[in-house]
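A short worksheet on the structure shown next.
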Amino acid sequence: MPETSHLFIVGLPRTGSTLTRGMLNRSPEVGISGESRFLSEPTRLGLTHRAGYAERFRRVGDLHTEAGLSRILDHIYGLRGKGYWARLAAATDRATFEAALRSSDRSDRALLGVAMEMFAAGRRVRGDKTPYHVHHVPLLLDWYPNAKVVQTFRDPRAVYASLRHKERAEKLSAVGRAARQLGSVFDLYSVANLIHRWRWMARLHRQYGASYPDRYTLVRFEDVVAAPGPTLGRLSEFLGISYSDAMLEQVVHNSSFVGKRTEAGIDLGTLDRWRAHLGARERRIFERFCGAELAEFGYRA
């Protein structure tokens, strides 16, 4: 089998994608970038979508024309902040980026591919960690024939508790604050929305596992935390890279419930911390509507 050229880490937010990426990036063979958000993201129970950067860039200009290419480059190199494309512009010489695009077919695939290559900085396995790219796995695997995909997965009750706690810790918009004034109505919507999305991830896992058995795998957050060595060993074998214990020297810095940690290692408290933050009613709803999947993926009540 050909060597893995690209890796896409996908799945719901708060399922350990950042932790998995951080561990893999400790390998000298792997350079996975952050969230490009290049492709569209389903919203409102999948009824609408939020445009990805591929679509936004097409509004700016046509990569295949000289004027369009210049406008897109102007746009990217005019971005500010901590986002993926702003960081790319800050870290990459414009002439180098432009030359790589000019030597490509100047497609959406090429634009994302060049960006991943720049972030990888010479490492063999380049890639992207955008959770909602889980909906575009067939396209990504078609674009990059030697690519592989890892979906990170987690108990939905833990995902829900983490998302809700993180929401409260961040600055909300006026609309967000107004929605939360609805109290239990908003809570029920949030539970229903997460159940819908999590079961969707389970269906996609079955679909991708059947369609791409050698190019797709699922990694449970709970296994990464409870048995990091064996889990990273299996993942390294799947990717065709060398495993090293150095991968485990990872600082978990993105927890919803605790402040930033400075010591390396895995916080085992993340496994059951959600139980103290989830009400009895929400638990019953999750167990009622996700019971079969909870058992399928090895989650206890």
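Summary of computed values
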| quantity | calculated |
| --- | --- |
| Qualifying helices (runs of 4 or more DSSP H) (wholly inside the range 135-221; at least 3 residues being at pLDDT 90 or above) | 137-143, 156-169, 184-211 |
| Leading residue by the ranking (farthest from the chain's Cα centre (by Cα)) among those in the range 19-31 that are buried (at least 21 other Cβ atoms within 10 Å of the Cβ) and among the polar types (S, T, N, Q) | Ser27 |
| Residues of the range 218-246 that turn out to be open to solvent by 40 Å² or more (accessible area, probe 1.4 Å) and among the hydroxyl-bearing types (Ser, Thr, Tyr), as a count | 3 |
| Residues that are among the small types (Gly, Ala, Ser) and touching a helix residue (DSSP H, G or I) at 6+ places or on another chain (Cβ under 8 Å), drawn from the range 87-123 | Ala89, Ala91, Ala100, Ser104, Ala110, Gly113, Ala115 |
| Residue in the range 240-255 that is within 23 Å of the chain's Cα centre (by Cα), hydrophobic (A, V, I, L, M, F, W, C) and at pLDDT 95 or above present | yes |
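The values are calculated or read from the model by the stated rules, or taken from the named source; none is laboratory data. Quantities reported herein were computed from a predicted structural model and do not represent experimental measurements. As a convention, Cβ positions derive from the backbone with ideal geometry for all residues, glycine included, and neighbour counts pool all protein chains shown. For the accessible areas, the whole protein counts, side chains as well, though only heavy atoms, and no ligand, DNA or RNA atoms are used. Shrake-Rupley method; radii C 1.70, N 1.55, O 1.52, S 1.80 Å.
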